[in-house]
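The values are calculated or read from the model by the stated rules, or taken from the named source; none is laboratory data. Nothing here was measured: the structure is a model prediction, and the numbers come from that model. When we count neighbours, we look across all protein chains shown, and the Cβ atoms used for this are built from the backbone with ideal geometry, even at glycine. Ligands, DNA and RNA are excluded from the accessible area calculation, which covers all protein heavy atoms including side chains. Shrake-Rupley method; radii C 1.70, N 1.55, O 1.52, S 1.80 Å.
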Amino acid sequence: MHGVDVRLHDPDPEAERKVAEVLENSRRAWRNLTMIPMPPEGRLTKAGTPEEAVEGADFVQESAPEQEDLKRELLARASRVADPSTVFASSTSGLLPSRLQLDMAGPHRLVVGHPFNPVYLLPLVEVCGGKLTSPDAIDRAEAVYRSVGMSPLRVRKEIPGFIADRLLEALWREALWLVKDDIATASEVDDAIRLGPGLRWSIMGTFLIYRMAGGEAGMRHFMAQFGPTLQWPWSKLTDVPDLDESLLDKIVAQSDEQAGGQSVRELERFRDDCLVAVLQSLRSHGAGAGAVLAEHERALFEVAHARTMRDDDDLSRPLRLHARRVPPEWVDYNGHVSESRYLQVLADASDAFVRYLGVDAGYLAGGSSYFTAETHLSFLNQTRAEDVVEVSTQVLEADDKRLHLFHRLERPKDRTLLAESETMLLHVDRERGRVAPARAEVAARARRVAEAHSHLARPQRAGRRIGDRGT
């Protein structure tokens, strides 16, 4: 989904169908998660063998079942034909990398890269090296994960289960005892998490939460007050119930009731919708995984609108800098694209134009940007799901502080005009919260396009009021 070509080896005869379904869920989630356009997708091809899969690859992710012998055999076979510089990552949830790398050619290239489902929404990936792993392999693996919007957590010391799964296993053991002893049902155990601590875990971890529980005196007070309770017989963390048929039957029956007849894919989509909402909320506060999403969106902005003006660009016609396919989620109850999505596409075109002028991530990090001050939008024809749409941009006026743009939204296959918008953008110093001149090179590019476009016919819909606004 991030423009990387992938070769997949999986002996499961149903692998292609399953992967296609999960990918579609992933596309759906990301379309709802962020308004930044994703890059053109890379190619996904099936490989008949591990050797075929890794040939020419820069990075290999092994996600075979949690069986050490199987993983070691796969890694050994693949490493013998892969390029010597290829980094290997195993998604093992608990096996030690020092053992997994023993039979490999170039064992220094192996790291554990343990993500969490759904991998396309949860940013955490635990990265751990073995005794023979080079620091460079760890650095390169982390760079790959960051490039697809994940947040690597480097595990300092090799330990079975790493960090997150050891915490999850402790909670899981206790949950099994609560069900076995008829203290709570599976649904009630889940309610105890999702309606309480699970919500705050999205924002803060256990240590910070407990520090707050200590009040103004902080963690020391909390530990003095609640530390002794760790000796109380509250849990059975080291005493695991026998998973006999009786307990298994009970758990399965309660889980079936909890699912309410929904398929795995239906449950996945419900999970994804909830995670999207949580991530977007956290992003607005710059907290937790939301901060990771915001950082990744800035990187996607660079990829989505990577083109910057060149000296030999043809400016004699309106610029075509933005196009996209209309996803099904944008369609309303009438079967047409909703009003807000027209505005989104046209706003993306404005983003593409300011990026064309040189307003990149570095520019934004300097505290300045263009803000929309006024937009006039006309809806001219209907747009439906899966339509490919394209925007042409004409610059009506430009100076050091203002951009006056006119966008036309069209369906390229038949050149149907779908919508038009007239937009005034003001250059703003975000730290001072006021209009300020753009950098000289950006303003010069804007004036150059405006001069070239001044010879074009002025759009009939371009209103005088917006064009006559002062700064």
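Please give the calculated 222 nm ellipticity per residue for the chain, where each DSSP H segment of at least 4 residues contributes -39500 (n - 2.57) and the sum is spread over every residue; nearest 500 deg cm²/dmol?
Numbers: 17 runs with 197 residues, N = 471.
Counting only the DSSP helices, I get -13000 deg cm²/dmol.
With N the number of residues in the stretch 20-72, Rg(Cα) / (2.2 N^0.38 Å) evaluates to 1.53. Each 10 Å bin from zero up to the one holding the largest Cα-Cα distance in the stretch 200-336 carries the following percent of pairs: 8, 15, 22, 25, 15, 9, 4, 2.
Can you work out the FRET efficiency for the pair Arg447 and Phe270, with r the C-beta to C-beta distance and R0 = 41 Å, to the nearest 0.05? All intermediate terms of the calculation are to be shown ahead of the outcome.
Details: r = 51 Å, r/R0 = 1.25.
Plugging the Cβ-Cβ distance into 1/(1 + (r/R0)^6) gives 0.20.
Rounded to the nearest 10 square angstrom, Trp201 shows an accessible area of 110 square angstrom against a 1.4 Å probe. Here the stretch 332-385 is treated as a sphere whose radius is the Kirkwood value from Cα pairs; by Stokes-Einstein at 25 °C and 0.890 mPa s it diffuses with a coefficient of 185 µm²/s.
Just so you know, the averaged projected area of the alpha carbon convex hull for the stretch 17-130 sits at 7.7 nm². The coefficient of translational diffusion for the chain, derived via Stokes-Einstein from the alpha carbon Kirkwood radius under 37 °C and 0.692 mPa s, stands at 125 µm²/s.
Assuming R0 = 56 Å, can you tell me the calculated FRET efficiency for the pair Ser255 and Glu374, based on Cβ-Cβ distance, to the nearest 0.05? That gives a FRET efficiency of 0.55. Dipole orientation for the stretch 386-436: of the candidates Val435, Pro412, Ser392, Val435 has the Cα lying most toward the positive pole (charges on Cβ; Lys, Arg +1; Asp, Glu -1). The listed residues Ile183, Ile193, Ile203 rank as Ile183, Ile203, Ile193 when sorted by accessible area, largest first, using a 1.4 Å probe.
When a 1.4 Å probe is rolled over the protein heavy atoms, the share of accessible surface on the chain that falls to carbon and sulfur comes to 53 percent. Farthest towards the positive end of the charge dipole of the chain, among the residues Pro37, Pro11, Leu343, is the Cα of Leu343, using unit charges on the Cβ of Lys, Arg, Asp and Glu. Round to the nearest 0.05 the FRET efficiency obtained for Asp314 and Arg458 when R0 = 22 Å and r is the Cβ-Cβ distance. The calculated FRET efficiency here is 0.65.
Given the peptides 152-165, 288-301, 240-253, arrange them by the average over their residues of other C-beta atoms within 10 Å, most packed first. Display every interim value, and only then the final one.
Working: 152-165: 15.1, 288-301: 17.9, 240-253: 11.5.
With the highest mean Cβ count within 10 Å placed first, the list reads 288-301, 152-165, 240-253.
Peptides 357-364, 19-26 ranked from most to least packed give 357-364, 19-26, packing being the mean of other C-beta atoms within 10 angstrom over each peptide's residues.
Taking the Cα centre of the chain as reference, the dipole from Cβ charges on Lys and Arg (+1) and Asp and Glu (-1) amounts to some 2040 debye.
Full extension of the chain segment joining Glu245 with Ser263 gains 4.0 nm, where the gain is 0.36 nm per residue of separation less the Cα-Cα distance.
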